[in-house]
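One structure below.
The values are calculated or read from the model by the stated rules, or taken from the named source; none is laboratory data. The structure displayed is predicted, hence computed values, not measured ones. We place every Cβ from the backbone using ideal geometry, glycine too, and count neighbours over all the protein chains shown.
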Amino acid sequence: MSALNDHDRIAVMAYVDGEMPPEDVALFEPRLALEPALAGAVARERALRASLQSAYAPVLEEPMPAGLLDLLAIPDAAKAAPVHLVAAPAPAAAANEALPAGASDAARAALPHARRWAWPQFGAMAASLVLGLLFGARWLAPHPALGGDTLALGVAPDGAITAQGALRGALEQDVAGTVLDPNAKVGVGLTFRDHAKQYCRTFTLDSASSGIACKQADGWVVAHLEHGRNARAGEQGGYRTAASPLSPTLLQAIDAMRDGDTLDAAGEAAAKARGWKP
Amino acid sequence: MSQSPLALRAEIAALLPRLRRFARSVTRHREDADDLVQIAVERALKHLDHWQDGTRLDSWLFRIMKNAWIDEVRARGRRDEVLAPEEAGEHVGFSETGSRDIRLSIEKAMARLPEEQRMAVSLVLVEGLPYKEASEVLDIPIGTLTSRLARGRDALQAMLGDGDLTP
(Lines give C-alpha, C1' and ligand atoms only; values in the text may rest on other atoms or scores of the structure.)
Protein backbone atom coordinates (compact mmCIF):
# COMPACT_ATOMS: atom_id res chain seq x y z
CA MET A 1 0.00 0.00 0.00
CA SER A 2 2.83 2.39 0.73
CA ALA A 3 3.58 2.83 -2.95
CA LEU A 4 0.11 4.20 -3.62
CA ASN A 5 -1.05 7.75 -3.26
CA ASP A 6 -4.03 8.56 -1.08
CA HIS A 7 -6.40 8.70 -3.99
CA ASP A 8 -5.48 5.21 -5.10
CA ARG A 9 -5.58 3.83 -1.57
CA ILE A 10 -9.17 5.01 -1.23
CA ALA A 11 -9.93 3.66 -4.70
CA VAL A 12 -8.57 0.22 -3.85
CA MET A 13 -10.71 0.15 -0.74
CA ALA A 14 -13.84 1.25 -2.54
CA TYR A 15 -13.21 -1.27 -5.29
CA VAL A 16 -12.72 -4.19 -2.93
CA ASP A 17 -15.71 -3.14 -0.82
CA GLY A 18 -17.96 -2.92 -3.87
CA GLU A 19 -18.49 0.79 -3.30
CA MET A 20 -16.95 2.05 -6.52
CA PRO A 21 -19.42 3.46 -9.05
CA PRO A 22 -19.56 1.38 -12.27
CA GLU A 23 -18.10 4.18 -14.39
CA ASP A 24 -15.07 4.32 -12.09
CA VAL A 25 -14.73 0.55 -12.12
CA ALA A 26 -14.53 0.70 -15.91
CA LEU A 27 -11.54 3.03 -15.59
CA PHE A 28 -9.99 1.28 -12.62
CA GLU A 29 -9.93 -2.33 -13.75
CA PRO A 30 -7.78 -1.83 -16.86
CA ARG A 31 -5.14 -0.23 -14.64
CA LEU A 32 -4.79 -3.44 -12.61
CA ALA A 33 -3.13 -5.22 -15.52
CA LEU A 34 -0.65 -2.39 -15.97
CA GLU A 35 0.20 -1.40 -12.42
CA PRO A 36 1.52 -4.21 -10.23
CA ALA A 37 1.48 -2.03 -7.11
CA LEU A 38 -2.23 -1.40 -7.60
CA ALA A 39 -3.01 -5.03 -8.35
CA GLY A 40 -1.00 -6.10 -5.32
CA ALA A 41 -2.92 -3.73 -3.10
CA VAL A 42 -6.22 -5.11 -4.37
CA ALA A 43 -5.03 -8.67 -3.74
CA ARG A 44 -3.91 -7.81 -0.21
CA GLU A 45 -7.21 -6.14 0.61
CA ARG A 46 -9.16 -9.07 -0.74
CA ALA A 47 -7.06 -11.46 1.32
CA LEU A 48 -7.63 -9.36 4.43
CA ARG A 49 -11.37 -9.38 3.85
CA ALA A 50 -11.41 -13.14 3.34
CA SER A 51 -9.25 -13.74 6.40
CA LEU A 52 -11.45 -11.60 8.61
CA GLN A 53 -14.55 -13.35 7.43
CA SER A 54 -13.17 -16.81 7.99
CA ALA A 55 -11.83 -15.77 11.39
CA TYR A 56 -15.26 -14.69 12.61
CA ALA A 57 -17.38 -17.23 10.75
CA PRO A 58 -17.23 -19.83 13.56
CA VAL A 59 -19.14 -17.45 15.82
CA LEU A 60 -22.18 -17.95 13.59
CA GLU A 61 -22.17 -21.66 14.32
CA GLU A 62 -21.81 -21.47 18.08
CA PRO A 63 -24.74 -22.71 20.17
CA MET A 64 -27.10 -19.93 21.10
CA PRO A 65 -27.21 -19.10 24.82
CA ALA A 66 -30.58 -19.91 26.34
CA GLY A 67 -30.87 -16.42 27.75
CA LEU A 68 -30.91 -14.90 24.29
CA LEU A 69 -33.56 -17.32 23.09
CA ASP A 70 -35.72 -16.67 26.13
CA LEU A 71 -35.61 -12.97 25.38
CA LEU A 72 -37.31 -13.53 22.07
CA ALA A 73 -39.82 -16.09 23.26
CA ILE A 74 -43.28 -15.36 22.01
CA PRO A 75 -45.96 -16.41 24.47
CA ASP A 76 -49.02 -17.03 22.31
CA ALA A 77 -47.47 -19.14 19.60
CA ALA A 78 -46.51 -22.02 21.82
CA LYS A 79 -49.32 -24.45 21.35
CA ALA A 80 -50.02 -24.33 17.67
CA ALA A 81 -47.45 -26.01 15.53
CA PRO A 82 -47.52 -29.78 15.32
CA VAL A 83 -44.14 -29.61 13.70
CA HIS A 84 -41.31 -31.86 14.57
CA LEU A 85 -38.03 -30.10 14.08
CA VAL A 86 -34.91 -32.14 13.92
CA ALA A 87 -31.49 -30.61 13.95
CA ALA A 88 -29.19 -33.36 12.89
CA PRO A 89 -25.46 -32.93 13.28
CA ALA A 90 -25.40 -36.71 13.05
CA PRO A 91 -22.17 -38.66 12.74
CA ALA A 92 -21.49 -39.31 9.11
CA ALA A 93 -21.29 -43.07 9.52
CA ALA A 94 -24.80 -43.36 10.93
CA ALA A 95 -26.46 -40.81 8.73
CA ASN A 96 -24.95 -41.91 5.49
CA GLU A 97 -26.45 -45.35 5.57
CA ALA A 98 -29.33 -45.14 3.23
CA LEU A 99 -32.27 -47.02 4.56
CA PRO A 100 -35.10 -48.82 2.86
CA ALA A 101 -38.47 -47.25 3.48
CA GLY A 102 -39.50 -50.10 5.73
CA ALA A 103 -36.43 -50.14 7.89
CA SER A 104 -37.82 -48.12 10.71
CA ASP A 105 -35.91 -50.12 13.29
CA ALA A 106 -32.64 -49.25 11.69
CA ALA A 107 -33.77 -45.69 11.30
CA ARG A 108 -34.67 -45.57 14.94
CA ALA A 109 -31.28 -46.94 15.81
CA ALA A 110 -29.73 -43.98 14.08
CA LEU A 111 -31.84 -41.55 16.04
CA PRO A 112 -29.78 -41.13 19.19
CA HIS A 113 -27.11 -39.56 17.02
CA ALA A 114 -29.38 -36.78 15.97
CA ARG A 115 -30.33 -33.99 18.26
CA ARG A 116 -34.06 -34.00 18.20
CA TRP A 117 -35.89 -30.85 18.98
CA ALA A 118 -39.48 -31.62 19.61
CA TRP A 119 -41.76 -28.64 19.65
CA PRO A 120 -42.67 -28.64 23.36
CA GLN A 121 -39.01 -28.32 24.33
CA PHE A 122 -39.00 -24.92 22.79
CA GLY A 123 -41.70 -23.80 25.14
CA ALA A 124 -43.02 -20.47 24.13
CA MET A 125 -40.95 -19.84 21.08
CA ALA A 126 -42.61 -19.08 17.80
CA ALA A 127 -42.16 -21.32 14.84
CA SER A 128 -40.57 -18.54 12.88
CA LEU A 129 -38.04 -17.90 15.57
CA VAL A 130 -36.87 -21.48 15.58
CA LEU A 131 -36.83 -21.61 11.82
CA GLY A 132 -34.73 -18.51 11.76
CA LEU A 133 -32.24 -19.98 14.14
CA LEU A 134 -32.03 -23.29 12.37
CA PHE A 135 -32.03 -22.13 8.83
CA GLY A 136 -30.94 -18.56 8.97
CA ALA A 137 -33.15 -16.04 7.31
CA ARG A 138 -32.65 -17.56 3.88
CA TRP A 139 -35.74 -19.67 3.68
CA LEU A 140 -38.04 -17.50 5.69
CA ALA A 141 -40.53 -15.15 4.19
CA PRO A 142 -38.39 -12.16 3.35
CA HIS A 143 -38.70 -9.07 5.43
CA PRO A 144 -38.52 -5.93 3.31
CA ALA A 145 -35.73 -4.74 5.54
CA LEU A 146 -33.59 -7.71 4.71
CA GLY A 147 -33.94 -7.32 0.99
CA GLY A 148 -34.44 -11.04 0.60
CA ASP A 149 -36.19 -12.53 -2.36
CA THR A 150 -36.03 -16.21 -1.51
CA LEU A 151 -39.12 -17.51 0.07
CA ALA A 152 -39.93 -21.05 1.00
CA LEU A 153 -41.29 -21.12 4.53
CA GLY A 154 -43.79 -18.91 6.21
CA VAL A 155 -45.49 -18.92 9.54
CA ALA A 156 -49.26 -18.91 9.79
CA PRO A 157 -50.94 -16.82 12.49
CA ASP A 158 -51.54 -19.98 14.48
CA GLY A 159 -47.84 -20.76 14.45
CA ALA A 160 -47.93 -23.51 11.85
CA ILE A 161 -45.11 -23.48 9.33
CA THR A 162 -46.39 -23.31 5.80
CA ALA A 163 -44.77 -23.78 2.41
CA GLN A 164 -44.47 -20.59 0.40
CA GLY A 165 -43.11 -19.40 -2.88
CA ALA A 166 -40.82 -21.79 -4.68
CA LEU A 167 -41.53 -24.61 -2.27
CA ARG A 168 -45.29 -24.23 -2.55
CA GLY A 169 -44.97 -24.14 -6.31
CA ALA A 170 -42.92 -27.31 -6.37
CA LEU A 171 -45.31 -29.11 -4.02
CA GLU A 172 -48.28 -28.15 -6.18
CA GLN A 173 -46.73 -28.69 -9.58
CA ASP A 174 -43.91 -31.21 -9.53
CA VAL A 175 -44.85 -34.79 -10.15
CA ALA A 176 -42.58 -37.65 -11.03
CA GLY A 177 -40.89 -37.02 -14.34
CA THR A 178 -42.13 -33.47 -14.79
CA VAL A 179 -39.97 -31.38 -12.56
CA LEU A 180 -40.51 -27.86 -13.79
CA ASP A 181 -37.18 -26.34 -12.95
CA PRO A 182 -34.32 -28.84 -12.73
CA ASN A 183 -32.02 -26.12 -11.43
CA ALA A 184 -34.28 -25.18 -8.56
CA LYS A 185 -32.82 -25.83 -5.15
CA VAL A 186 -36.24 -26.80 -3.93
CA GLY A 187 -37.17 -30.36 -4.83
CA VAL A 188 -40.01 -32.75 -4.17
CA GLY A 189 -39.42 -36.44 -3.56
CA LEU A 190 -42.00 -38.95 -2.37
CA THR A 191 -45.75 -38.59 -2.10
CA PHE A 192 -47.95 -40.53 0.30
CA ARG A 193 -51.22 -40.23 2.16
CA ASP A 194 -51.32 -39.85 5.89
CA HIS A 195 -53.83 -41.36 8.29
CA ALA A 196 -56.22 -38.48 7.64
CA LYS A 197 -55.94 -39.32 3.91
CA GLN A 198 -54.22 -36.00 3.25
CA TYR A 199 -51.52 -35.99 0.62
CA CYS A 200 -48.08 -35.45 2.04
CA ARG A 201 -44.87 -34.90 0.11
CA THR A 202 -41.22 -34.91 1.04
CA PHE A 203 -39.14 -31.96 -0.05
CA THR A 204 -35.62 -30.61 0.08
CA LEU A 205 -34.76 -26.95 0.47
CA ASP A 206 -31.06 -27.17 -0.11
CA SER A 207 -28.29 -29.66 0.44
CA ALA A 208 -28.89 -29.64 4.17
CA SER A 209 -32.60 -29.11 4.75
CA SER A 210 -35.50 -31.41 4.07
CA GLY A 211 -38.94 -32.15 5.36
CA ILE A 212 -42.51 -33.28 4.80
CA ALA A 213 -45.45 -31.05 3.96
CA CYS A 214 -49.10 -32.10 3.90
CA LYS A 215 -51.84 -30.49 1.86
CA GLN A 216 -54.53 -29.00 4.04
CA ALA A 217 -57.47 -26.80 3.24
CA ASP A 218 -55.43 -23.64 3.48
CA GLY A 219 -52.22 -24.83 1.90
CA TRP A 220 -49.19 -27.03 2.47
CA VAL A 221 -48.39 -27.29 6.14
CA VAL A 222 -44.95 -28.48 7.10
CA ALA A 223 -45.21 -31.52 9.34
CA HIS A 224 -41.56 -32.40 9.63
CA LEU A 225 -38.44 -30.41 9.06
CA GLU A 226 -34.85 -31.26 9.59
CA HIS A 227 -31.61 -29.56 9.08
CA GLY A 228 -28.03 -30.57 9.41
CA ARG A 229 -24.98 -31.50 7.48
CA ASN A 230 -26.17 -35.06 7.15
CA ALA A 231 -29.90 -34.52 6.98
CA ARG A 232 -29.77 -35.72 3.42
CA ALA A 233 -28.20 -39.10 3.62
CA GLY A 234 -27.96 -41.86 1.11
CA GLU A 235 -25.46 -40.31 -1.24
CA GLN A 236 -23.94 -43.69 -1.95
CA GLY A 237 -26.85 -45.76 -3.17
CA GLY A 238 -29.55 -47.64 -1.39
CA TYR A 239 -33.08 -46.41 -1.29
CA ARG A 240 -33.57 -42.94 -2.62
CA THR A 241 -35.15 -40.98 -5.37
CA ALA A 242 -33.10 -39.05 -7.82
CA ALA A 243 -34.38 -35.73 -6.54
CA SER A 244 -34.19 -36.31 -2.82
CA PRO A 245 -31.97 -38.65 -0.88
CA LEU A 246 -33.75 -39.20 2.40
CA SER A 247 -32.27 -39.24 5.86
CA PRO A 248 -33.06 -41.96 8.37
CA THR A 249 -35.06 -39.55 10.49
CA LEU A 250 -37.09 -38.44 7.51
CA LEU A 251 -37.75 -42.03 6.52
CA GLN A 252 -38.87 -42.79 10.02
CA ALA A 253 -41.21 -39.84 9.96
CA ILE A 254 -42.69 -41.06 6.68
CA ASP A 255 -43.22 -44.49 8.18
CA ALA A 256 -44.97 -43.02 11.17
CA MET A 257 -47.22 -40.84 9.05
CA ARG A 258 -48.08 -42.86 6.01
CA ASP A 259 -51.20 -44.88 5.44
CA GLY A 260 -50.41 -47.15 2.52
CA ASP A 261 -47.61 -47.07 0.04
CA THR A 262 -45.99 -44.11 -1.56
CA LEU A 263 -47.60 -43.04 -4.80
CA ASP A 264 -46.22 -43.96 -8.19
CA ALA A 265 -46.04 -41.52 -11.08
CA ALA A 266 -49.61 -42.17 -12.18
CA GLY A 267 -50.85 -41.79 -8.63
CA GLU A 268 -49.06 -38.46 -8.28
CA ALA A 269 -50.50 -37.21 -11.55
CA ALA A 270 -54.01 -38.21 -10.48
CA ALA A 271 -53.62 -36.57 -7.09
CA LYS A 272 -52.32 -33.41 -8.71
CA ALA A 273 -55.30 -33.38 -11.06
CA ARG A 274 -57.55 -33.43 -7.99
CA GLY A 275 -55.66 -30.47 -6.52
CA TRP A 276 -54.15 -32.77 -3.89
CA LYS A 277 -57.50 -32.91 -2.14
CA PRO A 278 -58.15 -35.99 -0.02
CA MET B 1 -44.71 -10.95 6.35
CA SER B 2 -45.66 -7.63 7.87
CA GLN B 3 -43.75 -5.96 10.65
CA SER B 4 -46.02 -7.21 13.39
CA PRO B 5 -44.13 -7.62 16.63
CA LEU B 6 -44.13 -11.39 16.17
CA ALA B 7 -42.62 -11.21 12.72
CA LEU B 8 -40.09 -8.65 13.88
CA ARG B 9 -39.12 -10.82 16.82
CA ALA B 10 -38.60 -13.71 14.47
CA GLU B 11 -36.44 -11.57 12.22
CA ILE B 12 -34.39 -10.44 15.18
CA ALA B 13 -33.98 -14.06 16.21
CA ALA B 14 -32.76 -14.90 12.74
CA LEU B 15 -30.17 -12.14 13.04
CA LEU B 16 -28.86 -13.30 16.42
CA PRO B 17 -25.84 -15.15 15.00
CA ARG B 18 -24.70 -12.02 13.18
CA LEU B 19 -25.35 -9.84 16.19
CA ARG B 20 -23.14 -12.15 18.22
CA ARG B 21 -20.43 -12.00 15.60
CA PHE B 22 -20.40 -8.21 15.58
CA ALA B 23 -20.47 -8.16 19.37
CA ARG B 24 -17.52 -10.53 19.48
CA SER B 25 -15.35 -8.19 17.51
CA VAL B 26 -16.58 -5.12 19.36
CA THR B 27 -16.08 -6.51 22.86
CA ARG B 28 -13.24 -8.94 22.02
CA HIS B 29 -14.64 -11.25 24.64
CA ARG B 30 -17.12 -14.11 24.47
CA GLU B 31 -19.11 -13.42 27.62
CA ASP B 32 -19.09 -9.67 27.15
CA ALA B 33 -20.32 -10.20 23.61
CA ASP B 34 -23.33 -12.22 24.64
CA ASP B 35 -24.12 -9.76 27.42
CA LEU B 36 -23.99 -6.99 24.86
CA VAL B 37 -26.29 -8.82 22.48
CA GLN B 38 -28.68 -9.42 25.35
CA ILE B 39 -28.73 -5.76 26.29
CA ALA B 40 -29.16 -4.68 22.69
CA VAL B 41 -32.01 -7.10 22.03
CA GLU B 42 -33.75 -6.01 25.22
CA ARG B 43 -33.49 -2.41 24.09
CA ALA B 44 -34.68 -3.26 20.60
CA LEU B 45 -37.71 -5.12 21.94
CA LYS B 46 -38.55 -2.17 24.15
CA HIS B 47 -38.42 0.17 21.18
CA LEU B 48 -39.72 -1.95 18.34
CA ASP B 49 -41.92 0.95 17.28
CA HIS B 50 -38.80 3.01 16.62
CA TRP B 51 -37.70 0.76 13.83
CA GLN B 52 -38.74 2.21 10.49
CA ASP B 53 -40.24 -0.04 7.90
CA GLY B 54 -38.11 -0.06 4.78
CA THR B 55 -34.85 0.39 6.63
CA ARG B 56 -32.50 -2.46 7.37
CA LEU B 57 -33.23 -4.27 10.56
CA ASP B 58 -29.64 -5.47 10.91
CA SER B 59 -28.29 -1.92 10.75
CA TRP B 60 -30.80 -0.79 13.33
CA LEU B 61 -29.74 -3.55 15.69
CA PHE B 62 -26.03 -2.95 15.11
CA ARG B 63 -26.59 0.70 15.95
CA ILE B 64 -28.42 -0.14 19.16
CA MET B 65 -25.57 -2.47 20.01
CA LYS B 66 -22.94 0.15 19.31
CA ASN B 67 -24.73 2.62 21.57
CA ALA B 68 -25.18 0.01 24.27
CA TRP B 69 -21.48 -0.77 24.15
CA ILE B 70 -20.52 2.88 24.46
CA ASP B 71 -22.77 3.14 27.50
CA GLU B 72 -21.28 -0.02 28.93
CA VAL B 73 -17.70 1.11 28.48
CA ARG B 74 -18.54 4.44 30.03
CA ALA B 75 -20.21 2.74 32.98
CA ARG B 76 -17.26 0.48 33.52
CA GLY B 77 -14.95 3.43 33.66
CA ARG B 78 -12.25 2.16 31.38
CA ARG B 79 -12.36 -1.34 32.80
CA ASP B 80 -12.20 -2.26 29.13
CA GLU B 81 -8.56 -1.36 29.02
CA VAL B 82 -7.67 -3.67 31.87
CA LEU B 83 -7.98 -6.59 29.51
CA ALA B 84 -4.66 -6.99 27.81
CA PRO B 85 -5.09 -7.31 24.05
CA GLU B 86 -3.16 -10.57 24.07
CA GLU B 87 -5.60 -12.03 26.53
CA ALA B 88 -8.56 -10.55 24.73
CA GLY B 89 -7.58 -12.18 21.49
CA GLU B 90 -7.63 -15.57 23.12
CA HIS B 91 -11.31 -15.31 23.79
CA VAL B 92 -12.51 -14.80 20.27
CA GLY B 93 -14.24 -17.66 18.48
CA PHE B 94 -12.38 -20.79 17.67
CA SER B 95 -13.03 -23.41 15.12
CA GLU B 96 -11.86 -26.97 15.38
CA THR B 97 -11.01 -27.00 11.74
CA GLY B 98 -7.99 -25.61 10.06
CA SER B 99 -5.79 -22.58 10.23
CA ARG B 100 -6.22 -21.78 13.86
CA ASP B 101 -2.93 -19.95 14.06
CA ILE B 102 -3.91 -17.56 11.34
CA ARG B 103 -7.30 -17.08 12.91
CA LEU B 104 -5.80 -16.24 16.26
CA SER B 105 -3.40 -13.77 14.84
CA ILE B 106 -6.16 -12.00 12.96
CA GLU B 107 -8.28 -11.75 16.04
CA LYS B 108 -5.38 -10.55 18.10
CA ALA B 109 -4.68 -7.94 15.49
CA MET B 110 -8.33 -6.88 15.53
CA ALA B 111 -8.24 -6.73 19.32
CA ARG B 112 -5.37 -4.26 19.14
CA LEU B 113 -7.19 -1.87 16.85
CA PRO B 114 -8.70 1.25 18.38
CA GLU B 115 -12.35 0.61 18.98
CA GLU B 116 -13.63 3.07 16.37
CA GLN B 117 -11.54 1.40 13.67
CA ARG B 118 -12.46 -2.05 14.86
CA MET B 119 -16.17 -1.29 14.58
CA ALA B 120 -15.77 0.16 11.09
CA VAL B 121 -13.73 -2.81 9.90
CA SER B 122 -16.14 -5.27 11.45
CA LEU B 123 -19.24 -3.69 9.94
CA VAL B 124 -17.86 -3.38 6.43
CA LEU B 125 -15.38 -6.23 6.05
CA VAL B 126 -17.03 -8.85 8.24
CA GLU B 127 -20.73 -7.94 8.23
CA GLY B 128 -20.59 -6.66 4.68
CA LEU B 129 -22.56 -3.47 5.25
CA PRO B 130 -22.44 -0.80 2.55
CA TYR B 131 -20.58 2.35 3.58
CA LYS B 132 -23.80 4.28 3.90
CA GLU B 133 -25.31 1.75 6.29
CA ALA B 134 -22.12 1.44 8.32
CA SER B 135 -21.78 5.21 8.64
CA GLU B 136 -25.35 5.39 9.93
CA VAL B 137 -24.73 2.61 12.42
CA LEU B 138 -21.73 4.53 13.74
CA ASP B 139 -23.37 7.96 13.46
CA ILE B 140 -20.49 9.35 11.44
CA PRO B 141 -20.16 10.86 7.95
CA ILE B 142 -19.06 8.51 5.18
CA GLY B 143 -15.74 10.34 4.88
CA THR B 144 -15.01 9.60 8.52
CA LEU B 145 -15.97 6.00 8.02
CA THR B 146 -13.66 5.55 5.05
CA SER B 147 -10.74 7.13 6.86
CA ARG B 148 -11.31 4.82 9.85
CA LEU B 149 -11.51 1.91 7.47
CA ALA B 150 -8.28 2.92 5.78
CA ARG B 151 -6.41 3.33 9.06
CA GLY B 152 -7.82 0.10 10.44
CA ARG B 153 -6.84 -1.84 7.34
CA ASP B 154 -3.35 -0.40 7.25
CA ALA B 155 -2.87 -1.29 10.90
CA LEU B 156 -4.14 -4.83 10.35
CA GLN B 157 -1.95 -5.33 7.30
CA ALA B 158 1.03 -4.05 9.23
CA MET B 159 0.35 -6.33 12.21
CA LEU B 160 -0.38 -9.40 10.14
CA GLY B 161 2.24 -8.97 7.48
CA ASP B 162 1.58 -10.07 3.96
CA GLY B 163 2.56 -13.68 4.61
CA ASP B 164 -0.06 -14.31 7.27
CA LEU B 165 -2.91 -13.37 5.03
CA THR B 166 -2.72 -16.24 2.64
CA PRO B 167 -4.20 -19.21 4.47
- [ ] Give the residues of segment B:38-71 that are touching a residue at least 12 places away in the same chain (Cβ under 8 Å), crowded, with 16+ Cβ neighbours inside 10 Å and more than 17 Å from residue B:118 (Cα to Cα), sorted by residue number.
- [x] B:39, B:40, B:41, B:43, B:44, B:51, B:56, B:57, B:58, B:60, B:61
Open item on the list: Please go through segment A:180-199 and give me each residue that is among the charged types (D, E, K, R) and at pLDDT 65 or above, ordered by number.
Closed with: A:185, A:193, A:194, A:197
- [ ] Determine if segment B:133-145 includes at least one residue that is in contact (Cβ under 8 Å) with a residue 12 or more places away in the chain, facing another protein chain (nearest Cβ under 7 Å) and on the phi < 0 side of the Ramachandran plot.
- [x] no
TODO: Take segment B:40-77 and flag every residue that is under 14 Å from the mean Cα position of the chain (by Cα), within 20 Å of residue A:67 (Cβ to Cβ) and among the β-branched types (Val, Ile, Thr).
DONE: B:64
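Every residue, every condition in (1) surrounded by fewer than 19 Cβ atoms within 10 Å (Cβ to Cβ); (2) within 9 Å of another protein chain (Cβ to nearest Cβ); (3) within 24 Å of residue B:110 (Cα to Cα), yes or no:
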residue	(1), (2), (3)
A:13	no, yes, yes
A:26	yes, no, no
A:39	yes, no, no
A:49	no, yes, yes
A:55	no, yes, yes
A:60	yes, yes, yes
